[in-house]
Amino acid sequence: MAPREQTLVSFLQEAGVFYFSGRLIGKGEKMKTKEQFAADLEKQFGEYLDRNSIFHLIEVPKQPEHGDLAFPCYPLAGKMRRNPALIAQKAANELETNDYEKVEAVGAYLNVFLNKQQTANAILQKIIQEEQNYGNSQGGQGEVVAIDMSSPNIAKPFSLGHLRSTVIGNSLALIAEKCGYKTVRINHLGDWGTQFGKLIAAYKKWGSEEKVKKNTIKELLALYIRFHEEAEQSPELEEEGRFWFKQLEEGDEDAEALWKWFREESLREFDKIYKLLGISFDSDEGEAFYNDKMQHIIDVLTEKQLLTESEGAMVVELSEDNLPPCLIKKSDGATLYATRDLAAAVYRRETYQFSKSVYVVGNEQSLHFQQLKAVLRKMDYSWWEDIRHVSFGMILKEGKKMSTRKGKVVLLEDILQEAIELAKNNIEEKNPGLADKQSVAETVGVGAVIFHDLKNHRHNDIEFSLEDMLRVEGETGPYVQYTFARACSLLRKGEYQPAADEVIGCDLEAWPVVKLLDVFPTVVHRAAEQDDPSQIAKYVIDLAQAFNKYYAGTRILEEGKWKGQRLGLTFAVSVVLEEGLRLLGITAPEEM
RNA sequence: GGCUCCAUAGCUCAGGGGAUAGAGCAAUGGUUUCCUAAACCAUGUGUCGCAGGUUCGAAUCCUGCUGGGGCCA
């Protein structure tokens with residue numbers, strides 16, 4: 001276990017939160033009840049199982065008719081040499097029933113039903129008091145997480161792969177912040193490489209300033225493609241490209257001015273997307289930034305005698321790690337990705353003093369990151385362990401990797417615009433009186449695209465489907481947003497005022513909702529531990545489904561003694577849905 | 001060839017030792033004089049890729065195999 005995680009665990013334990021076998025149980029009534037249940041069982045079975053083992057065995061049944069907590073008696077059967085069903089039966093009879101609503105033996109299981117009034121009141125009060133701070137923790141206090149995310153290539157379209165990196169990285173940052181960490185979002189732009197030599201050459205031949213200004217990415221991409229097409233006929237073009245890259249490397253004014261200009265214009269276009277996504281960065285120091293920081297790396301490697309020569313190139317041998325050698329310098333003296341990333345890692349460590357450095361980069365680069373860590377370890381940087389490659393699957397088209405070539409790419413910006421357009425049509429159709437239609441449409445359209453990306457585990461490849469991305473019904477972002485908007489509408493119409501001292505009860509219909517609300521902090525922790533935003537996306541769907549079911553069956557605004565309580569529940573749901581969406585980087589509109 | 005990831009309903013995916021394997025989409029039918037129908041309800045579907053092993057118990061853990069993706073030479 002990494003040191004950082006140890007601090008987290010010990011902190012949580014101090015705070016009264018308990019951590020058992022990777023499962024984090026939030027502080028609160030339910031946990032106390034689980035503890036209590038374990039203690040009660042220990043009284044009966046202490047000579048066969050200790051309390052900790054009992055606690056482990058207790059589970060939350062999938063079927064509600066099996067109660068809120070359950071204890072399987074199979075393990076006892078072996079030790080006691082008795083039929084497990086009989087053990088369960090006997091335990092049910094002997095268990096003090098006044099602490100629980102109901103205790104039941106079903107087969108080998110001992111099922112326990114909690115006191116709904118009491119439990120619900122505790123959970124709902126907590127949420128009503130804490131509001132958006134519900135689920136916060138302080139495990140990362142004083143620590144910094146650096147997150148390498150997005151990192152598109154200059155002069156190329158913003159691909160869907162970069163979208164994944166962007167939204168996953170942003171969500172991980174938000175989750176880390178909720179756990180008390182400081183974060184640094186780094187946009188490691190692909191702004192260097194031989195392709196810029198080619199681009200400069202192509203621009204000098206065929207480019208137009210006006211066109212590039214008007215439509216930067218498309219124009220630059222067209223120039224790049226034309227360069228490759230023409231180079232097939234006239235190979236001397238390649239030579240020209242190399243010449244201009246050399247000029248660029250040597251600081252030729254003309255070349256540098258063009259490069260800077262390409263970079264700025266591209267960034268300006270990317271910013272439109274980032275603005276729509278609601279994401280900003282703390283640093284956009286890309287590959288070029290490390291040009292003057294690589295020699296230092298080579299010096300250190302040389303000094304530590306880690307470099308070996310292989311076919312004219314300089315490499316770090318990693319056979320002891322069962323890895324191929326890491327190329328540091330090519331035979332022509334040019335440095336490589338690895339060298340640049342080493343320089344970046346060192347720079348980030350010195351600049352941010354991170355306790356964790358995360359790279360949200362595709363699966364296909366996992367070997368590269370293994371090598372990076374191995375080399376850092378050999379360089380005696382103790383923090384090599386704090387580097388984490390958070391990988392994700394690819395976007396596929398017809399089962400294959402999407403090709404960026406030939407200009408036949410789907411532009412993210414077009415997808416976003418289409419999603420927004422669709423949302424706008426829906427508003428016109430369903431809620432034409434809505435104020436601020438455009439901004440709600442943006443929120444919902446963008447929400448659909450982000451949620452679609454985050455709802456499944458990062459590791460899975462995604463088959464590209466515009467239809468799926470734009471879907472707004474079922475397990476989607478707009479579904480959750482809609483549920484939130486409905487809850488807000490109820491609170492407005494019911495003129496809900498939070499009353500901290502009011503006791504909030506719970507009927508049978510609301511119980512599944514309450515149980516889900518209780519579990520939110522646990523879900524946030526799991527998402528943080530596993531670097532997995534999909535945990536939160538799935539949770540928020542579950543909660544929305546549970547609330548919609550409740551809504552369909554119960555008249556929340558009906559006058560009467562329970563109205564205030566139903567609104568209290570509605571408020572708690574709205575708080576958690578909004579916060580859950582926020583952690584995914586999605587805004588929840590109050591009306592839609 | 002080496003390393004790695006994946007395989008669950010027609011499709012997209014949950015579930016990561018325990019009770020009858022679940023959602024969404026798609027299909028069909030129903031629900032609005034009533035809190036936003038982007039909703040809710042009902043109906044059908046499974047050799048959990050194959051074969052062994054561990055266990056009282058395996059979709060879940062281990063090994064092997066098959067098929068697919070990716071990375072490296």
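The values are calculated or read from the model by the stated rules, or taken from the named source; none is laboratory data. Computed from a predicted model, the values in this text were never measured in an experiment. Cβ sites come from the backbone with ideal geometry, for glycine too, and all protein chains shown count toward neighbours.
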Leading residue by the ranking (surrounded by the fewest Cβ atoms within 10 Å (Cβ to Cβ)) among those in region A:484-498 that are near RNA strand B (Cβ under 7 Å from one of its atoms) and closer than 15 Å to residue A:440 by Cβ: A:489
Matching residues in region A:456-475 - criterion: being near RNA strand B (Cβ under 7 Å from one of its atoms) and assigned to a loop (DSSP other than H, G, I, E, B): A:456, A:457, A:459, A:460, A:461, A:471, A:472, A:473, A:474, A:475
Any hit, region A:282-303, residues being within 30 Å of residue A:444 (Cα to Cα) and touching a helix residue (DSSP H, G or I) at 6+ places or on another chain (Cβ under 6 Å): no
Any hit, region A:22-35, residues being modelled with pLDDT of 90 or more, surrounded by fewer than 17 Cβ atoms within 10 Å (Cβ to Cβ) and part of a helix (DSSP H, G or I): no
Among (1) under 30 Å from residue A:411 (Cβ atoms); (2) buried (at least 20 other Cβ atoms within 10 Å of the Cβ); (3) in contact (Cβ under 8 Å) with a residue 40 or more places away in the chain, the one test that residue A:156 misses: (2)
Residue check, residue A:386 more than 20 Å from residue A:360 (Cβ to Cβ) and acidic (Asp, Glu): no
Among (1) surrounded by 15 or more Cβ atoms within 10 Å (Cβ to Cβ); (2) in a helix (DSSP H, G or I); (3) polar (S, T, N, Q) - the single one residue A:129 does not satisfy: (1)
Cβ pairs under 7 Å, 6+ apart, first in region A:253-265 and assigned by TED's automatic domain parsing to the domain that holds residue A:216, second surrounded by fewer than 20 Cβ atoms within 10 Å (Cβ to Cβ): A:255/A:247; A:265/A:213
Answer residue from region A:87-113, given it is touching a Gly at 6+ places or on another chain (Cβ under 8 Å) and buried (at least 21 other Cβ atoms within 10 Å of the Cβ) and is nearest to residue A:74 (Cα to Cα) among those: A:88
Qualifying residue in region A:500-521 (condition: within 10 Å of RNA strand B (Cβ to nearest atom) and not in a loop (DSSP other than H, G, I, E, B)): no
Of all residues in region A:427-455 being near RNA strand B (Cβ under 8 Å from one of its atoms) and outside any helix (DSSP H, G or I), the one that is nearest to residue A:529 (Cα to Cα): A:455
